[in-house]
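Notes for the one structure printed next.
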Amino acid sequence: MPLLCIETTCDETAAAIVSRNRLVLSSVVASQDALHARWRGVVPELASRAHVERIIPVIDEAMTRSGIGRQQLEAVAVAVRPGLVGSLLVGLSAAKGIAATLGIPVVGYDHIAAHLYACRLAYPLADLYPAVGLVASGGHTSLFRVRGPLDLERLGGTIDDAVGEAFDKAASLLGLGYPGGPQIERAATGGNPKAHRLPRPLASDQARIDLSFSGLKTALRYLVRPPGAAADTPPPTGQRLADLAASFQQAAVDAILAKVGLALERTGCRSLLVGGGVTANTLLRESLERLGRNRGLSVFVPPRELCTDNAAMGAIAWERLERGEQDDLELDVTPGTDRSGGRRAGREA
């Protein structure tokens, strides 16, 4: 019997049907990019309202595509942390309503652990654990020691902005659209990543597995609009735009690579699991795969549709169900970022 998975942690309304053997029978994602483009970032209140409008149609579409009837569902899985509180509550309310109506369990799961579990969906026969896990997205940039699907120990991560937020801000400074990651990658085509010397904050610090992107954003701002320049200074165009985008992208990727390398050295792990929307970036994907080849490591990077927010990765809830674990209708959400998480990010929901 399959599992209905629901994902509403931020600005994607998603539902999926996943069988016990982790076969994705359907996966539907309703994007809110156009809704938030005007503000070049996610507006929490608008996100939660959009979830309310879309959650039932998205679930219905996932059920229809799967060919599964509601009475065949074994449980409802829902992301309950971390994320935007309003968005999380929409998904949880839908999950509780369906579970109560059908008389089936509701199972909460951790969004960050689920991003890394996408590697299990993409590589079902691979020996993944133990591993270092990298989650890089709009709200999260963290590294973990991953002993198992539900056993994550946070090693470190951003002390300020997530890398995805940095890409969004950089795109805004360069006069590009939203979301920033794809826009920066597109603009960087033909650019020289060495054209501008941008900082790699904390990259050379061997004592900490931490990252910082606020200084990188500030450095780009001063290149685009130097101190004293008019507020209406037009954004760069042509080759200058390409060079700035390429230089920013390279700096962000270099900073991540430095800490991934340090985490691998500290833990002695021979595998790297990758997840999160920013890991859809071609330069980052290729750089991580090159790192693996150079060090003789196994690097598991899911396809792009499993990197960005989706509900199929909610298949991690099967791990709890198979242990005999489930939640009741008193289940609540835990908003925030991965920085507020504890040692066992995926252990309990």
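If r is the Cβ-Cβ distance from residue 214 to residue 49 and R0 is 35 Å, what FRET efficiency results, to the nearest 0.05?
Working: r = 30 Å, r/R0 = 0.85.
FRET efficiency, residue 214 to residue 49: 0.75.
State, to one decimal in nm, how far the label point of residue 192 lies from the label point of residue 102, with both points 7 Å from Cα in the Cβ direction.
5.8
Which FRET efficiency, nearest 0.05, do residue 72 and residue 126 yield, Cβ-Cβ r, R0 30 Å? Could the numbers behind the result be given before it?
Values: r = 29 Å, r/R0 = 0.97.
The calculated FRET efficiency here is 0.55.
Which ordering of 151, 243 is given by a fewest-first count of other beta-carbon atoms within 10 Å?
On the way: 151 18, 243 21.
Ranking 151, 243 by Cβ neighbours within 10 Å, fewest first, gives 151, 243.
Quick one: helix 44-66 against the long Cα principal axis of the chain, what's the angle to the nearest 10°, folded into 0 to 90?
For 44-66 against the chain, the angle is about 50 degrees.
Let me spell out the model: positive unit charges on the Cβ of Lys and Arg, negative unit charges on the Cβ of Asp and Glu, origin at the Cα centre of the chain. What dipole size does that give, in debye rounded to 20?
Values: 38 positive and 37 negative charges, 218 e Å.
Here the size comes out at about 1040 debye.
Kindly provide the pair-distance distribution of the stretch 220-349 built from C-alpha pairs, with 5 Å bins from 0 and whole-percent values in order of increasing distance.
Percent of pairs per bin, in order: 2, 7, 12, 14, 16, 14, 12, 10, 7, 4, 2, 1, 0.
Can you give the calculated 222 nm mean residue ellipticity of the chain, where each DSSP H run of n ≥ 4 adds -39,500 (n - 2.57) and the sum is split over every residue, rounded to the nearest 500 deg cm²/dmol?
Details: 11 runs with 140 residues, N = 349.
Rounded to the nearest 500, it is -12500 deg cm²/dmol.
How many nm separate the modelled label positions at residue 321 and residue 65, each set 7 Å beyond the Cα in the direction of the Cβ?
Spacing of the two 7 Å Cα→Cβ label points: 1.9 nm.
What translational diffusion coefficient, in µm²/s and rounded to a whole number, does the Stokes-Einstein relation yield for the stretch 127-304 at 10 °C and a viscosity of 1.306 mPa s, taking the hydrodynamic radius as the Kirkwood radius over Cα pairs? Please list the in-between numbers first.
On the way: Rh = 16.5 Å.
Reported coefficient: 96 µm²/s.
Fewest Cβ neighbours within 10 Å first, please rank 129, 222, 109 accordingly. Write out the running numbers ahead of the final one.
Values: 129 16, 222 11, 109 29.
Ordered from fewest to most neighbouring Cβ atoms within 10 Å, 129, 222, 109 come out as 222, 129, 109.
Quick one: angle between helix 282-295 and the longest Cα principal axis of the chain, in degrees between 0 and 90, rounded to 10, please.
For 282-295 against the chain, the angle is about 90 degrees.
Using the count of nearby Cβ atoms within 10 Å as a rough guide to exposure, how do 39, 318 rank from fewest to most? Please list the in-between numbers first.
Details: 39 11, 318 25.
Fewest-to-most Cβ neighbours within 10 Å comes out as 39, 318.
Which order, highest average first, do 280-286, 116-122, 158-164, 194-200 follow once you tally other Cβ atoms within 10 Å for each residue and take the mean per peptide?
Working: 280-286: 18.6, 116-122: 24.6, 158-164: 22.6, 194-200: 15.7.
Ranking, from highest mean packing down: 116-122, 158-164, 280-286, 194-200.
With a ≥ b ≥ c taken as the square roots of the eigenvalues of the C-alpha gyration tensor of the stretch 11-159, please select rounded if a/c is under 1.5 and otherwise prolate if a/b is larger than b/c or oblate if it is not? Please report the intermediate quantities before stating the final value.
Values: a/c = 1.82, a/b = 1.11, b/c = 1.64.
It is oblate, given that a/c is not under 1.5 and a/b is not larger than b/c.
Within the stretch 127-304, what percent of beta bridges assigned by DSSP are antiparallel, to the nearest 5? The partial results should precede the final answer.
Values: 12 of 20 bridges.
Antiparallel bridges make up about 60 percent of those DSSP assigns within the stretch 127-304.
What is the antiparallel percent of DSSP beta bridges lying wholly in the chain, to the nearest 5? It would help to have the intermediate numbers written out before the result.
Details: 26 of 43 bridges.
Counting only bridges with both partners in the chain, antiparallel ones make up about 60 percent.
Compute the long axis of helix 163-173 from its Cα atoms, compare it with the longest principal axis of the Cα atoms of the chain, and write down the angle in degrees, 0 to 90, nearest 10.
Relative to the chain, helix 163-173 is tipped by roughly 50 degrees.
No lab work stands behind these numbers, since they all come straight from the coordinates. Computed from a predicted structure; not experimentally measured. All Cβ positions, even for glycine, are placed from backbone atoms using ideal geometry, and neighbour counts span all protein chains on display.
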